[in-house]
Amino acid sequence: MGDRIRVMMTTEGTYPFHAGGVSTWCDLLLHGKPESIDYLLYSVIMNPFVTQKFNLPQGTRLIKVPLWGTEEPGEHLEQPFSEVYSKKLKTTEKIVKDEFLPLFRDLVEEAFSAVKDPEKFGVTLHKMYRYFSTYEYRESFKSEIVWNYFKDFVFTYTSDPGNKISTPDAFSLVQSIGWLYRFFTVLNTPVPEVDVSHSVAAAFCGIPCVIAKLEYDAPFLLTEHGIYLREQYLSLSKRNYPPYLNTFLIRFVNSIVSLNYFYADQVSPVCNYNTRWERKLGVRPEKIKVIYNGVDEKIFVPSRSRPKKDYVSVVSVARIDPIKDIKTLMRAAALILKTNENVRFSVFGSVSVESYYKECLELKEELQLGDKFEFKGHSSDMASVYQDADIIALSSISEAFPYTVVEAMMTGKPVVTTGVGGVGEALGSCGVIVKPRDHEKLAEGLQKLIKDKALRDSMGADARERALNLFKVDASRRQYYSSYLALAERRKSRVLEKSAANITYIAAIAARRQALLRDKAYALFDLGLYEVAIPQIRRAIMADVNSYLVPEMLKKIAEAYCLLGDVSRAAVEIEKANLLRRAGGRGREYKLQKDKAYSLFALGMYEEAISLLRSLIMSAIDSEDVPFMLRKISEAYLKLGDPSRAAVEIEKANLLKRIRAAV
């Protein structure tokens, strides 16, 4: 890895295919990254036909995983037909029954249960991920064995009143297994090895991060813009699903949220408001680190010269979605326009729910708003949108820490907003906050600013100052990049600990083998079989040459030579033993440090490996290991892109070899 950190950012229904606050945040992070960070973007999308709206930094790899709109769940994968065909052939009925069905059973039980076990769920998903690396996804999920199990389980489970879920009709039964089939397509997509993974929501896009943690020990950073579970509750309340599907889906989503919270190493909500939900949903307080959204103060600047208008411009920057409650803003506009016609309302944002947009258009006709309330769509120049406005309005029923508010503040605009999520935390006293779903209160708050330009100006100036103090983009970026570094260092430490544990285990095996060989050799010695005992003792020494018992065994060999009448060879062995005793424990420490240096090299920590190898060379300049260590240093310099220094180390190694050969 060296000094570079590989980060996999995972998104769901947002960046880089849809505009909005989350996508803005992603784009700022990716484009502002330091040289030491390499991003890989893993994007879960609804279908493969969506258009990319953001350009990624050069060299950023994009993995697209469509949940819907494909016949085969592997259509998005770049794999040869031979591999696909091979997987199908391997996925026999016996394989499905013996290997897939037990995992599917655990998955289904977790999805339906009201009590969650996220640790076991993560292990199950990881095993499924590995299963799908060998066997075919569709053949497994759509097997008759799997369908029969699911059907029997659901009817048995729902027949128990204690489980508090109604019995489904045929359509609902098929729909629920269809959701499992579609949502877990992510398990059929290879997850690359990275140093840190970063999910933008406690949602299905968090599953690849869990896999990366279990497969590669990559730490998992979770950012929460909104509270995913709460948003799903709000969304479900408007979908009119049958009771069985409602209960199933909310429990299923709860499993996914719990999974994210359990496996995340750091949970970073964008405001303190979100921490209340996270703690309530089981996130340990020590995992939580709030990082506010940041805005580029050099782009979102107060307008210096604006064309004069004979009306007050009220702008809402929000996607057309029920959660943004555009209808309440429209009703507030209708109230205001009854007494003040010199006001214009505009909504800037893409349509995310087409049916809701149609309802808004119908309401516009009903309220007779005409051209005084317009839907402007998405704008690529949001700074100008804010600058041209007099007042920014937000009527959402749920928010986290909306960019609309922070961008408006940074542009020096007064804000009238509903008091949801972290909005109040962002605004402080620099805006007007009203109750959600109350168009009369929203109209009252807007009227207060429409009628008073001086108040608009002073409130906007205060908002700009607050934003400059708290919400600069560079401060936000630094906190994320520092988190990546800390988490990557944690991973290095864990790998080194595992490496040390492996070395200890190997050493224990060597010591045990040495003890067995030594006991056998000493038994031969006691029987007077000295010539047979000597090679046996040498074998025992070679089993663990770093053992503190080696000097003792050399003396035993010397004793055997004496008893055989070979005093000169006995003296050589005594001298060896004395040399080792004078070295004390230095040999063992040298071996451990050498192993550590090679482990650092294997991890890509080349500069650290070079430093440690140089220390070892200086402490044992006469060691036969020195030429090899010099070559390893040369290899490390090549990895770091420094061929000239690599050549110097190779020359040192060759020179040392020639000198030793001459001697």
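Whole Å is fine, so just give me how far the alpha carbon centre of region 245-303 lies from that of region 1-76.
Centre-to-centre distance over Cα atoms comes out at 19 Å.
Give, in nm to one decimal, the length gained when the segment between Leu234 and Lys448 is fully stretched (0.36 nm per residue of separation minus the Cα-Cα distance).
This chain segment gains 74.0 nm when fully extended.
Find the centroid of the Cα atoms in region 113-143 and in region 612-663, then give the distance between the two in whole Å.
Cα centroid of region 113-143 versus Cα centroid of region 612-663: 49 Å apart.
Over 27 Å between Cα atoms, which of Lys127/Lys596; Lys287/Lys413; Lys53/Lys441; Lys280/Lys492; Lys127/Lys492 qualify?
Lys127/Lys596; Lys287/Lys413; Lys53/Lys441; Lys280/Lys492, as the Cα separations exceed 27 Å there.
Can you list residues from other chains, or at least 5 along the same chain, whose modelled amide H is less than 5 Å from the amide H of Glu224?
The answer is Ser268, Val270.
Through the Karplus equation 6.51 cos²θ - 1.76 cosθ + 1.60, θ set to phi - 60°, convert the phi angles of region 103-111 into ³J(HN,Hα) values in whole Hz; use x for Gly and Pro.
Result, ordered by residue: 5, 4, 4, 4, 5, 5, 4, 5, 4 Hz.
What does the charge count around Ser199 come to, taking other residues whose C-beta lies under 12 Å from its C-beta (Lys +1, Arg +1, Asp -1, Glu -1)?
Values: positive: Lys213; negative: Glu12, Glu224, Asp265.
Local net charge: -2.
Return the distance in nm (one decimal) between the two label points of a simple spin-label model at Lys289 and Glu341, each offset 7 Å from Cα along Cα→Cβ.
Spacing of the two 7 Å Cα→Cβ label points: 5.8 nm.
Ordered by residue, what ³J(HN,Hα) values in Hz, to whole numbers, does region 229-243 give under the Karplus form 6.51 cos²θ - 1.76 cosθ + 1.60, where θ = phi - 60° and Gly and Pro are x?
Here the 3J(HN,Hα) series is 5, 5, 5, 5, 4, 5, 5, 5, 5, 9, 8, 6, 6, x, x Hz.
Which of Leu245, Leu337, Phe262 sits farthest toward the positive end of the charge dipole of region 203-357, with +1 on the Cβ of Lys and Arg and -1 on the Cβ of Asp and Glu?
Leu337
Ranking request for peptides 522-529, 322-329, 292-299: highest mean number of other beta-carbon atoms within 10 Å first, then the rest in descending order.
322-329, 292-299, 522-529
Quick one: give the max-minus-min coordinate of the C-alpha atoms of region 405-451 along each principal axis, largest first, in Å.
Extents along the principal axes: 27, 26, 15 Å.
In square nanometres, what is one fourth of the surface area of the convex hull spanned by the alpha carbons of region 129-232? Present the calculation step by step, with values, prior to reporting the outcome.
Details: hull surface 33.8 nm².
Taking a quarter of the hull surface, the average projection is 8.4 nm².
Output the pairs from Lys327/Lys451; Lys87/Lys142; Lys33/Lys324; Lys376/Lys453; Lys120/Lys289 with a Cα-Cα distance over 21 Å in this structure; if there are none, say none. Display every interim value, and only then the final one.
Numbers: Lys327/Lys451 23 Å; Lys87/Lys142 15 Å; Lys33/Lys324 31 Å; Lys376/Lys453 25 Å; Lys120/Lys289 26 Å.
Among Lys327/Lys451; Lys87/Lys142; Lys33/Lys324; Lys376/Lys453; Lys120/Lys289, the Cα-Cα distance tops 21 Å for Lys327/Lys451; Lys33/Lys324; Lys376/Lys453; Lys120/Lys289.
Expressed in nm to one decimal, what extension gain is obtained for the pair Tyr149 and Arg4 from 0.36 nm per residue of sequence separation less their Cα-Cα distance?
Values: separation 145, 0.36 × 145 = 52.20 nm, distance 4.74 nm.
Fully extending the segment from Tyr149 to Arg4 adds 47.5 nm.
Quick one: which residues, 5 or more positions from Val432 or on another chain, have an amide H under 5 Å from its amide H? H modelled 1.01 Å from N in the peptide plane, none for Pro or chain starts.
Val415, Val416, Thr417
Taking the Cβ-Cβ separation of Arg279 and Ile250 as r and a Förster radius of 25 Å, what is the calculated FRET efficiency to the nearest 0.05?
Computed FRET efficiency for Arg279 and Ile250 comes out at 0.80.
About its Cα centre, what dipole magnitude does region 107-241 give when the only charges are +1 on Lys and Arg Cβ and -1 on Asp and Glu Cβ, stated in debye to the nearest 20?
I would put it at about 400 debye.
Computed FRET efficiency, Cβ-Cβ of Thr134 and Ser380, R0 51 Å: what is it to the nearest 0.05?
Details: r = 45 Å, r/R0 = 0.89.
Efficiency for this residue pair is about 0.65.
Please report the Cα spread of region 235-338 along all three principal axes, rounded to whole Å, starting with the longest.
Answer, in whole Å and largest first: 55, 41, 18 Å.
Label-point separation (nm) for Asn469 and Lys591, each offset 7 Å from Cα along Cα-to-Cβ?
With each label point 7 Å from Cα toward Cβ, the separation is 6.3 nm.
Quick one: length gained pulling Gln479 to His31 fully straight, 0.36 nm per residue minus the C-alpha distance?
159.7 nm
Considering amide H positions built from the backbone, and no H for Pro or chain starts, which residues 5 or more places from Val343, or on another chain, come under 5 Å of its amide H?
Val312
Going by the alpha-carbon gyration tensor, a ≥ b ≥ c the square roots of its eigenvalues, is region 185-301 rounded (a/c under 1.5) or, if a/c is not under 1.5, prolate (a/b greater than b/c) versus oblate?
Since a/c reaches 1.5 but b/c is at least a/b, the shape of region 185-301 is classed as oblate.
Report the calculated FRET efficiency for Asn55 and Leu563 (r = Cβ-Cβ distance, R0 = 56 Å), to the nearest 0.05.
Plugging the Cβ-Cβ distance into 1/(1 + (r/R0)^6) gives 0.10.
Starting at the first residue of region 24-38, write each ³J(HN,Hα) from the Karplus equation 6.51 cos²θ - 1.76 cosθ + 1.60 with θ = phi - 60°, in whole Hz, x for Gly and Pro.
Once rounded to whole Hz, the list reads 4, 4, 4, 5, 5, 5, 5, 7, x, 5, x, 4, 6, 10, 10.
Taken together, the values in this text are just the output of simple stated rules run on the coordinates, not laboratory data. These numbers come from a predicted model, not from an experiment. A quick note on method: Cβ atoms are made from the backbone with ideal geometry, for glycine too, and the neighbour counts reach across all protein chains shown.
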